[in-house]
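Asker: This is the structure, below, for whatever I ask next.
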Amino acid sequence: MDMPATSEMPTTQDAVSAASGSDVIIETRNLTKVYRDFWGRQKVRALKALDLEVRRGEIFGLLGPNGSGKTTTMKLLLGLLFPTSGQALVFDKDATDVSKNERIGYLPEESYLYRFLNAEETLDFYGRLFDMPADLRRQRINELIDSVNLGWARRRQLKEYSKGMARRIGLAQALINDPELIMLDEPTTGLDPIGTREMKDLILRLRDQGKTVLMCSHLLADVQDVCDRIAILYQGELKELGRVDRLLTVQDVTQIQARGLSQEAQDEIKAVIQRHQGTLMSMSNPTSTLEELFLNIVRDSEARPGRRAQEKQ
């Protein structure tokens, strides 16, 4: 990826991109899914010719309104659905090859857990599904319960859990096999502000550990806080793709912050700041918000249907 010339230190996201290089974990090629009725007639085109890549060690966000194809994309990647045309590759294997799923952790939008098991029993059950040795299961169970802050409720049955608590134990079960790729569908649903912040911090820690995270969410502020790159889907089509910081930068506006300047110097531009021995604090493009970007893309898609996205570098 070509980086613009700058004297500033590289950001965390720059470091992630540089480290990941061309190491692609997920790749879709012209991926299309059409749902048909009983007579084989096209009912819904859920996904249309999706091309994207998710690289090792990044947090990638899938955004879009209801019915835009986010969950369909995740199910295609997991092999729960078969594509109508095109191909999805995960770890260089076709997504329909279920052997790759042992390297994946998945948190669905609704966690279907056994209500009469407690947190320890739930994680032990899922650990057994991966044939984990007993000592390793116990270690992972303790680590995960502590990481999602449920130590105080580890022996309570899940039927007594609030929705936010159930969300946390659902994430823990998605991580029981220490997966390389974690797929999260609406991970902060049902969490209070503190729980949401803790969830986002945990997702960032997973990236720091070298994990790759694919998440979709309707809460745009959450995506803006944690994602390195995003793809915005609308009516099954890819409308925008790129780095979050690049997409939100307002290119045609420059903002300058300086300290120690006279009123005269404040009316001048960068050269005058230097002439007056002022300290240039920053000179950059202001950023929009992900909400503004998202709404603008939806409006533009309605006005100009069929426009395809090009990744912003």
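Every number here is computed from the coordinates shown, using simple stated rules; none is lab data. What you see is a predicted model, and the numbers here were worked out from it, not measured in a lab. Glycine also receives a Cβ, built like all others from the backbone with ideal geometry; neighbour counts cover every protein chain displayed.
Asker: How far is helix 163-174 tilted, in degrees, relative to the longest principal axis of the Cα atoms in the chain, given as a value from 0 to 90 rounded to the nearest 10?
Answerer: Rounded to the nearest ten degrees, it is 80.
Asker: On a 0 to 90° scale, report how tilted helix 119-129 is relative to the longest principal axis of the chain, with both axes built from alpha carbons and the result rounded to the nearest 10.
Answerer: 80 degrees
Asker: Any idea what the dipole of region 97-209 comes to, in debye rounded to 20, about its Cα centre with Lys/Arg Cβ at +1 and Asp/Glu Cβ at -1? Display every interim value, and only then the final one.
Answerer: Numbers: 18 positive and 20 negative charges, 67 e Å.
That gives region 97-209 a dipole magnitude of about 320 debye.
Asker: Quickly estimate the mean residue ellipticity at 222 nm for the chain, helices only: each DSSP H run with n ≥ 4 gives -39500 (n - 2.57), and the total goes over all residues, rounded to 500.
Answerer: Working: 11 runs with 107 residues, N = 313.
Counting only the DSSP helices, I get -10000 deg cm²/dmol.
Asker: Is the C-alpha gyration tensor of region 182-248 telling us rounded, prolate or oblate? Criteria: a/c under 1.5 is rounded; beyond that, a/b larger than b/c is prolate, otherwise oblate.
Answerer: Working: a/c = 1.79, a/b = 1.40, b/c = 1.28.
The shape class here is prolate.
Asker: Relative to the longest principal axis of the chain, what angle (0 to 90°, nearest 10) does the C-alpha long axis of helix 193-208 take?
Answerer: It is inclined by approximately 90 degrees.
Asker: Cα centroid distance between region 31-74 and region 185-229, in Å?
Answerer: The distance from the Cα centre of region 31-74 to that of region 185-229 comes to 21 Å.
Asker: Please sort 165-175, 76-86 by packing, taking for each peptide the average over its residues of neighbouring beta carbons within 10 angstrom, highest first. Walk me through the numbers on the way to the answer.
Answerer: Numbers: 165-175: 22.5, 76-86: 18.5.
Most protected by this proxy first, the peptides run 165-175, 76-86.
Asker: Next question. To the nearest 20 debye, what is the magnitude of the charge dipole of the chain about its Cα centre, counting +1 on the Cβ of each Lys and Arg and -1 on the Cβ of each Asp and Glu?
Answerer: Details: 43 positive and 46 negative charges, 192 e Å.
Computed about the Cα centre, the dipole is about 920 debye.
Asker: Report the extension gain between residue 143 and residue 253 in nm, rounded to one decimal, defined as 0.36 nm multiplied by the number of residues separating them, less their alpha carbon distance.
Answerer: Working: separation 110, 0.36 × 110 = 39.60 nm, distance 4.70 nm.
Once the chain is fully extended between residue 143 and residue 253, it gains 34.9 nm.
Asker: Still on this structure, please answer the following. For Rg/Rh (Cα atoms, Kirkwood Rh), which listed value, [x] 0.94; [y] 1.12; [z] 1.04, comes from the coordinates shown?
Answerer: [z]
Asker: Using a Gaussian network model on the chain with a 10 Å cutoff between Cα atoms, which of 42, 87, 277 fluctuates the most?
Answerer: Answer for the Gaussian network model of the chain: 277.
Asker: Let me ask something else. Using Cα springs under 10 Å in a Gaussian network model of the chain, which residue among 278, 67, 57 shows the largest mean-square fluctuation?
Answerer: Of 278, 67, 57, the Gaussian network model singles out 278 as fluctuating most.
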